[in-house]
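Below is one structure, written out as structure tokens; the observations come after it.
The values are calculated or read from the model by the stated rules, or taken from the named source; none is laboratory data. Bear in mind the structure is a predicted one, so any value in this text is a computation, not a measurement. For neighbour counting, all protein chains shown are included, and Cβ atoms are generated from backbone atoms with ideal geometry for every residue, glycine included. Side chains included, ligands, DNA and RNA excluded: accessible areas come from the protein's heavy atoms. Shrake-Rupley method; radii C 1.70, N 1.55, O 1.52, S 1.80 Å.
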Amino acid sequence: MILSVASGKGGTGKTTVAVNLALSVGFCQFMDYDVEAPNAAFFLKPDIKHIQKVEMKHPYFLKEVCNACGKCAEFCNFNAVAVAGDEVIFFPELCHGCGGCLLVCPEGAVREKDVEIGKIKKGFSKPGINFYMGDLKPGYMRTISVQAALDKFIEKDILIIIDCPPGTSCPMVFSVKDSDYCILVTEPTPYGLNDLLISIEVLKDMGIPYGVIINRDGIGNDEVENYCRKNNIKILLKIPNDMEVAKYYSRGESMLDYDISWKGKFENILKEIKKDVRK
Ligand code: SF4
Ligand code: SF4
């Protein structure tokens, strides 16, 4: 089963939920798809055994052949190439590696080479977690390329927990696309409800079953809970707004470290989810 953990905005406790679920279940594959800001390793403390580069094709320009006609810059929709005077200027962070500039150059002045845009790190966390994370190189906008590289390591016949990037844009959609179920983590505030509604629309469109975890329960109002009850959306868990939990979090410790009774609560979430999964 592939179980993704998502949230409409950052800072709602998505990684807290994903990590504590993995530690409670014990035996699973954990995938950190939040490749722009991966932080699950801070809590799971994996012993990283293998690091693999993620590469993509980038163009380079042969100055001695180029006649500065500007066709490459005209073609590039991402503004990754500009021509100033008789010189081609390339902005690698903006390049999507489409290879178009190579095709349109009439002089054959564009070539390609592999460049590193990120890394996949693989390791092991106690008690029995196969840990994988994507790590996008700062400045590069190739989030999905790194996520696609992670996709290749998804195992079969094991529980897979995916820590998704926040929001509802393409990287989140890519992360949840193969999920059997998605946990949406939110806060009981008007902003939390607003972001939750957007996330629900995305999952409905994709036909993915979902349930809600309300984090920092007690800080706002009842609107999220009332909405879920009215619309028969399962509230899987409410995590109280607790300063002690926050202190453990800031030290990279889990909720189970704080209070082992959370293990049973997260195990129960999994039992509830299994009733609703699509396969
Ligand atoms: S490979 Fe594509 S995105 Fe990159 S510079 Fe060339 S045209 Fe632009
Ligand atoms: S299209 Fe080719 S020849 Fe024209 S500016 Fe670009 S690299 Fe130079």
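If the condition is being open to solvent by 40 Å² or more (accessible area, probe 1.4 Å), over 20 Å from the mean Cα position of the chain (by Cα) and away from ligand 1 (no atom under 11 Å from the Cβ), then the range 112-131 contributes LYS113, ASP114, LYS126, PRO127.
When GLY10 is tested against the conditions (1) over 28 Å from MET206 (Cβ atoms); (2) outside any strand (DSSP E or B); (3) at pLDDT below 95, the lone failure is (1). Within the range 113-121, is even one residue within 22 Å of GLU64 (Cβ to Cβ) and either in a loop (DSSP other than H, G, I, E, B) or within 16 Å of ligand 2 (Cβ to nearest atom) (or both)? Within the range 113-121 (the criterion being within 22 Å of GLU64 (Cβ to Cβ) and either in a loop (DSSP other than H, G, I, E, B) or within 16 Å of ligand 2 (Cβ to nearest atom) (or both)), the answer is yes, since at least one residue qualifies. May I ask you to list the residues in the range 70-108 that are within 17 Å of ARG142 (Cα to Cα), within 6 Å of ligand 1 (Cβ to nearest atom) and open to solvent by 40 Å² or more (accessible area, probe 1.4 Å)? Answer for the range 70-108, where residues must be within 17 Å of ARG142 (Cα to Cα), within 6 Å of ligand 1 (Cβ to nearest atom) and open to solvent by 40 Å² or more (accessible area, probe 1.4 Å): PHE78, HIS96, CYS98.
Out of the residues in the range 126-147 that are among the small types (Gly, Ala, Ser) and closer than 19 Å to ALA37 by Cβ, state the one that is farthest from ligand 2 (Cβ to nearest atom). It would help to see each step written out before you state the result.
So the first thing to find is which residues in the range 126-147 are among the small types (Gly, Ala, Ser), and the list is 128, 134, 139, 145.
Adding the requirement that they be closer than 19 Å to ALA37 by Cβ leaves 134, 139, 145.
On the way: GLY134: 32, GLY139: 23, SER145: 24 Å.
Among those that are among the small types (Gly, Ala, Ser) and closer than 19 Å to ALA37 by Cβ, it is GLY134.
One residue stands out among those in the range 13-55 that are open to solvent by less than 20 Å² (accessible area, probe 1.4 Å) and in a strand (DSSP E or B): the one that is farthest from LEU197 (Cα to Cα), which is VAL54. In this entry, MET172 is excluded by the filter for residues that are surrounded by 15 or more Cβ atoms within 10 Å (Cβ to Cβ), under 11 Å from MET31 (Cβ atoms) and away from ligand 1 (no atom under 16 Å from the Cβ). Counting the residues of the range 187-211 that are crowded, with 20+ Cβ neighbours inside 10 Å and either out of contact with any Ser or Thr (no Cβ under 6 Å at 6 or more places or on another chain) or of a type in the set (Gly, Ala, Ser) (or both) gives 8.
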